[in-house]
Amino acid sequence: MPSWQHITYSNEIKDGHFGKSVAVGGWAQEVRNLGGISFLQLRDRFGVIQITSLKKRDPELFRQMTTIQRESVLLITGTVKESGEAKAGFEVIPETVAVLSEAMTPLPLGVVDKVGADLDTRLNNRFMDLRKPETRAIFQIRAKALEGIRGYLTSEGFVEVTTPKIVAAGAEGGATLFPIKYFDKSAYLAQSPQLYKQNLMGTGLDRIFEIAPAYRAEASDTVRHIAEFTSLDIELAFIESSEDVMAVAEGIAYNGLRHVKEAASEQLDMLGVEIPIPETPFPRMTYSEAIDLLKANGMKVEHGDDLGTEGEKLLGDVIMRERGCELYFITDFPTSLKRGTFYAKRHDDDPERTGYFDLDYMGQEIVSGGQREHRYDVLVEQMKENSMDLDSFEFYLKAFRFGMPPHGGFGFGIERYVQKMLHLPNIREAVLYPRDRLRLIP
Ligand code: ATP
């Protein structure tokens with residue numbers, strides 16, 4: 001029997017293979033018995049190979065081929081033959097077939113069924129759902145987006161780091177913290193690497209990024225929140241303003257898209273998605289301008305209000321209609337809206353405004369960040385204003401007492417980016433095994 005090292009994938013079989021023998025392996029997607037001839041569609045990671053058996057050629061092999069359960073794993077040896085009828089232009093005439101793992105019936109989820117299953121059923125049977133090439137395509141595209149992003153950040157001198165996910169204090173407010181038992185202490189799952197990445201700005205590792213899970217106990221069920229998401233976090237020092245930080249957010253969003261378009265065109269075609277490469281610089285509007293635009297477009301909203309899901313969505317529609325842009329910045333958020341963000345730097349000439357920005361993608365926030373407050377005394381004041389227990393943050397504050405350069409950064413939600421890029425209705429489709437209030441298994 002041939003070994004797995006010697007199997008030939010469907011996309012490797014070319015004209016030169018005609019008349020030659022190969023070993024192929026994969027899942028039995030479909031078996032059709034027409035009496036004297038049978039067709040088995042064998043699916044591997046790249047495509048489908050038609051295995052054609054003739055009863056008169058080998059009745060025992062024919063019997064074996066026609067009694068295989070769908071989705072069983074097979075290893076088949078045979079001869080490649082040119083074929084006008086087979087979709088791929090060739091078929092394999094089998095000589096031996098080994099059933100390496102027989103699938104039970106009924107299947108928990110169809111792989112090629114025309115009727116689509118609902119998302120819950122798909123997620124409950126994710127291993128079956130991922131056998132569909134179009135589901136796998138999402139994760140191949142996601143991997144390419146990350147590849148493009150890593151390439152860009154590395155070329156810009158950023159160093160990839162890993163910070164703890166078991167932490168003693170949260171940075172984003174208590175409401176969404178997951179408490180855990182940590183030996184005889186209580187601890188939390190990290191909501192963001194905020195405190196650590198700022199800590200690193202005082203070390204000389206002054207351009208860093210991290211791509212890691214972040215945990216938020218989001219109580220409401222929305223199509224854009226999950227309890228465990230992948231956060232791309234950036235922090236860079238020696239900046240002059242939030243503009244320096246926005247340039248990096250723009251570079252990431254742009255280069256991720258460009259790389260996906262170049263390196264995952266096959267998967268994009270499979271999903272029927274076109275990716276327009278955005279022009280840079282992305283449009284920028286201040287929070288005040290955004291509010292005025294929303295008012296002009298009929299939304300009941302006042303200066304000082306949160307844009308909210310509805311506002312973000314309407315803004316996305318208006319900007320697409322008027323400027324044809326999918327990605328845009330909203331800048332200079334009022335301090336009142338970012339007051340909970342104790343580390344946000346406020347404008348020196350107008351403390352009621354921060355340099356904080358969001359990057360929105362088709363009406364959904366995917367990035368939030370800006371310049372941080374690096375002056376110890378001001379930072380302490382802002383923390384007191386937020387009624388924070390300074391002792392719990394001593395490890396964080398200490399770094400600000402011994403030489404901390406001006407710095408800034410942001411959190412970039414990878415799943416929201418992929419969701420928007422591929423027009424997925426629910427963020428859960430961009431996660432292999434999503435976690436939310438109701439979902440812990442698989
Ligand atoms: P929102 O207001 O949309 O809930 P946020 O203001 O809580 O987001 P930040 O804390 O600023 O988000 O996090 C930065 C980025 O991380 C967000 O722009 C988003 O892309 C991503 N993100 C935050 N929370 C979640 C979540 N629960 N699920 C998925 N992505 C998230």
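Overview of results
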{"item": "Separation of alpha-carbon centers, the range 225-252 and the range 271-324, rounded to whole Å", "result": "20 Å"}
{"item": "Coil-residue trypsin sites (Lys or Arg not before Pro) of the range 272-355, DSSP, other Cβ within 10 Å capped at 14", "result": "K300, R339"}
{"item": "Top of L268, L200, L337 by mean-square fluctuation, Gaussian network on the chain, Cα under 10 Å", "result": "L337"}
{"item": "For T135, net neighbour charge (Lys/Arg +1, Asp/Glu -1) across residues whose Cβ lies under 10 Å away", "result": "+2"}
{"item": "For the range 129-215, convex hull of alpha carbons as volume per residue, Å³", "result": "135 Å³"}
{"item": "For peptides 140-150, 33-43, sequence by mean Cβ density within 10 Å, most packed first", "result": "140-150, 33-43"}
{"item": "Burial ordering of T354, T162, T96, T66, fewest other beta-carbon atoms within 10 Å first", "result": "T162, T96, T66, T354"}
{"item": "Gaussian network model of the chain, springs between alpha carbon atoms under 10 Å - residue of S241, S265, S387 with greatest fluctuation", "result": "S387"}
{"item": "Nearest 10 degrees, 0 to 90: helix 242-263 Cα axis against the chain principal axis", "result": "10 degrees"}
{"item": "Whole-angstrom gap from the range 394-442 to the range 9-87, using each part's C-alpha centre", "result": "45 Å"}
{"item": "GluC sites (Glu not before Pro) restricted to the range 262-303 and DSSP loop, no more than 10 other C-beta within 10 Å", "result": "E274, E302"}
{"item": "Ranked D58, D184, criterion: other C-beta atoms within 10 Å, fewest first", "result": "D184, D58"}
{"item": "Gyration tensor verdict on the range 211-264 (Cα atoms; rounded if a/c is under 1.5, prolate if a/b is larger than b/c, oblate otherwise)", "result": "oblate"}
{"item": "log₁₀ of I(q)/I(0) at q = 0.06 Å⁻¹ - the chain, Debye sum with one point per alpha carbon", "result": "-0.36"}
{"item": "Estimated 222 nm signal from helices in the chain, with DSSP H stretches of n ≥ 4 weighted -39500 (n - 2.57), rounded to 500", "result": "-8500 deg cm²/dmol"}
{"item": "Order of T154, T52 - criterion: other Cβ atoms within 10 Å of each residue's Cβ, fewest first", "result": "T154, T52"}
{"item": "Furthest towards positive pole of dipole, A247, I319, N125, structure part the chain, Cβ charges", "result": "N125"}
{"item": "Cα principal axis extents for the range 20-119, largest first, Å", "result": "43, 26, 24"}
{"item": "Cα-based shape type of the range 304-413, given that a ≥ b ≥ c are square roots of the gyration tensor eigenvalues and the cut on a/c is 1.5", "result": "prolate"}
{"item": "Pairwise centroid distance, computed over Cα atoms, of the range 147-165 with the range 94-132, Å", "result": "36 Å"}
{"item": "Cleavage-rule hits, chymotrypsin sites (Phe, Trp or Tyr not before Pro), the range 251-328, DSSP coil, Cβ neighbours within 10 Å at most 13", "result": "none"}
{"item": "Listed residue pairs exceeding 18 Å between alpha carbons, taken from K144/K261; K14/K144; K338/K384; K165/K185", "result": "K14/K144"}
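Taken together, the values in this text are just the output of simple stated rules run on the coordinates, not laboratory data. Not measured: the values here are computed from a predicted model. Cβ sites come from the backbone with ideal geometry, for glycine too, and all protein chains shown count toward neighbours.
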